[in-house]
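Student: Dumping the structure here so I can ask a few things about it.
The values are calculated or read from the model by the stated rules, or taken from the named source; none is laboratory data. Being a predicted model, the structure only gives us computed values, none of them experimental. Virtual Cβ from ideal backbone geometry, glycine too; neighbours counted across all protein chains shown.
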Amino acid sequence: MKQLPLKRLFVWVLLLVPLPLAGQQDTTRGQLLAVAVHPSGRLYMGDAACRPCHESIYDQFAATAHRNTSRLASPESIAGPLQKPDNTLRSGTVNFTLEEKEDGVYQTAHVLAGGAVHSHSERIDLVVGSNRKGQTYLHWEGNRLYQMPLSYFTPSEKWVYSPGITPGKAAFRRPVGTKCLECHATFFAAASADTGNTFDRGNHLLGVACERCHGPGGRHVAWHQAEPDEPSKYIIDPADLTPDRQLDLCALCHSGPRADKQPTFSFFPGDSLGAYSTPLADQAGDLDVHGNQYGLLAQSPCFIQSDTMTCSTCHDPHRQERTDTALFSQRCAACHQSVESCGMAGQLGDSLRDRCIDCHMPERPSQILQVNTGQADTPVLVRTHRIGIYRDLPDSAQP
């Protein structure tokens with residue numbers, strides 16, 4: 001039998017042999033290992049496997065909201081204050097505290113009932129949310145994931161009740177399902193046929209990471225470790241997809257609630273979203289936190305009049321730039337080259353150059369998400385992706 005060269009043999013080992021999932025580096029051999037395995041057999045390698053060849057992109061992407069939309073919990077990744085007096089929320093007969101202990105950060109509810117105080121604590125295991133608007137927190141109970149009662153709301157810099165949690169309730173067992181994780185993680189494997197909130201704790205990849213948009217990288221990494229000088233193979237570049245498939249990749253999570261035709265986490269870059277799920281008719285074009293931003297964009301004259309416009313026409317997915325209104329205005333200017341053509345040019349002058357989206361993609365209050373600080377509800381603002389002329393903007397929203 002002909003012997004394979006060692007580097008080619010490693011390719012087959014990586015592609016055919018089940019690999020441990022405990023970490024990203026096998027220190028005994030110095031080879032990268034899979035961090036998660038999809039039911040189809042495709043291997044997720046994790047972002048660390050991308051860095052040796054794509055260091056600059058890796059470093060930029062590490063700061064994005066997508067990459068940080070879910071992380072392991074630590075005092076560093078938890079944005080809310082953990083020191084007195086700001087680590088508390090008081091609401092009626094229930095007081096909550098957040099505190100760091102030797103093995104992690106805990107949420108504790110202190111409930112006054114029958115003249116006595118009853119306390120319940122859970123350790124925060126996962127952080128969900130990039131902290132642009134806030135964070136919510138999850139904890140493991142066996143193989144089940146639950147949302148915790150308190151979240152952090154960045155605009156007010158306060159602990160608040162989590163979405164879906166009734167104020168005044170010490171509710172630590174709100175189930176977190178696969179649909180939530182599909183848009184806040186790259187992959188989670190179900191622990192069994194129960195696909196509710198039961199997961200394989202050793203088989204997941206947090207964050208919307210590189211492989212969410214480029215596809216599982218096992219074969220790609222194996223190829224380049226064995227053939228470092230050969231052209232790229234076995235990876236998807238979304239820029240090579242048709243505009244419709246590029247839009248489908250974003251619409252998976254940015255087109256509102258959808259009815260599944262296929263199991264969660266079975267959609268891969270390049271697939272047709274219509275074969276995977278269908279939009280719910282009553283949610284078409286809605287603006288909200290989990291609303292149909294793709295549907296709103298599709299209603300825009302800019303989109304309708306273009307054959308090539310996609311989300312990446314305005315967004316660089318590798319950079320954190322969501323708050324840079326001047327940068328987005330520059331991208332508007334790629335097609336709308338004359339600022340003087342704006343109907344407000346005479347009134348606003350040069351000030352409109354850097355704030356196109358404030359007038360043409362304004363922020364509106366969420367209709368479904370209210371943040372409760374224990375005393376009152378606070379609106380959450382969401383920027384619409386329907387590009388148009390809005391004549392009802394208050395003076396405070398004008399440049």
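Student: Test of understanding: among Asp200, Asp125, which residue is out of contact with any Ser or Thr (no Cβ under 7 Å at 6 or more places or on another chain), under 30 Å from Lys84 (Cβ atoms) and surrounded by fewer than 22 Cβ atoms within 10 Å (Cβ to Cβ)? Can you show your working first?
Tutor: Details: Asp200 fails: under 30 Å from Lys84 (Cβ atoms).
Of Asp200, Asp125, the one residue that is out of contact with any Ser or Thr (no Cβ under 7 Å at 6 or more places or on another chain), under 30 Å from Lys84 (Cβ atoms) and surrounded by fewer than 22 Cβ atoms within 10 Å (Cβ to Cβ) is Asp125.
Student: Considering only residues of the stretch 334-357 that are closer than 29 Å to Cys213 by Cα and touching a residue at least 12 places away in the same chain (Cβ under 8 Å), which is farthest from the chain's Cα centre (by Cα)? Lay out the reasoning, then the answer.
Tutor: Within the stretch 334-357, the first condition is being closer than 29 Å to Cys213 by Cα, and the residues that meet it are 334-335, 356-357.
Okay, now just the ones that are also touching a residue at least 12 places away in the same chain (Cβ under 8 Å), so 335, 356-357.
Values: Cys335: 29, Cys356: 26, Ile357: 22 Å.
The residue in question is Cys335.
Student: Taking into account only those residues within the stretch 78-107 that are in a strand (DSSP E or B) and aliphatic (A, V, I, L, M), which is nearest to the chain's Cα centre (by Cα)?
Tutor: Step one: list which residues in the stretch 78-107 are in a strand (DSSP E or B), which gives 88-91, 94-101, 104-107.
Then drop every residue that is not aliphatic (A, V, I, L, M), which leaves 89, 94, 98, 105.
Values: Leu89: 26, Val94: 31, Leu98: 24, Val105: 22 Å.
That would be Val105.
Student: Does any residue of the stretch 240-263 turn out to be loosely packed, with under 15 Cβ neighbours inside 10 Å and either among the hydroxyl-bearing types (Ser, Thr, Tyr) or in the same structural domain as Asn131 (by TED's automatic domain parsing) (or both)?
Tutor: Yes, some residue in the stretch 240-263 is loosely packed, with under 15 Cβ neighbours inside 10 Å and either among the hydroxyl-bearing types (Ser, Thr, Tyr) or in the same structural domain as Asn131 (by TED's automatic domain parsing) (or both).
Student: For the stretch 203-236, name all the residues that are acidic (Asp, Glu) and closer than 30 Å to Ser77 by Cα. Break it down into steps so the answer makes sense when it comes.
Tutor: Just the residues of the stretch 203-236 that are acidic (Asp, Glu), to begin with: 211, 227, 229-230.
Residue satisfying the conditions is Glu211 alone.
Student: Residues to consider are Val111, Val127; find the one that is assigned to a strand (DSSP E or B) and over 20 Å from Lys158 (Cα atoms). Give the steps one after another, and end with the answer.
Tutor: Working: Val127 fails: over 20 Å from Lys158 (Cα atoms).
Every option except Val111 fails the conditions.
Student: Can Phe153 be described as touching a residue at least 12 places away in the same chain (Cβ under 8 Å), buried (at least 16 other Cβ atoms within 10 Å of the Cβ) and assigned by TED's automatic domain parsing to the domain that holds Asn95? Break it down into steps so the answer makes sense when it comes.
Tutor: Values: touching a residue at least 12 places away in the same chain (Cβ under 8 Å): yes; buried (at least 16 other Cβ atoms within 10 Å of the Cβ): yes; assigned by TED's automatic domain parsing to the domain that holds Asn95: yes.
It is true that Phe153 is touching a residue at least 12 places away in the same chain (Cβ under 8 Å), buried (at least 16 other Cβ atoms within 10 Å of the Cβ) and assigned by TED's automatic domain parsing to the domain that holds Asn95.
Student: Next question. Does any residue of the stretch 161-171 turn out to be crowded, with 23+ Cβ neighbours inside 10 Å, more than 25 Å from Arg258 (Cα to Cα) and either modelled with pLDDT of 95 or more or out of contact with any Cys (no Cβ under 6 Å at 6 or more places or on another chain) (or both)?
Tutor: For the stretch 161-171, residues crowded, with 23+ Cβ neighbours inside 10 Å, more than 25 Å from Arg258 (Cα to Cα) and either modelled with pLDDT of 95 or more or out of contact with any Cys (no Cβ under 6 Å at 6 or more places or on another chain) (or both): present.
Student: Would you mind stating whether Gln135 is touching a Gly at 6+ places or on another chain (Cβ under 9 Å), at pLDDT 95 or above and part of a strand (DSSP E or B)? Quick ask: steps written out before the conclusion?
Tutor: Working: touching a Gly at 6+ places or on another chain (Cβ under 9 Å): yes; at pLDDT 95 or above: yes; part of a strand (DSSP E or B): yes.
Criteria met by Gln135.
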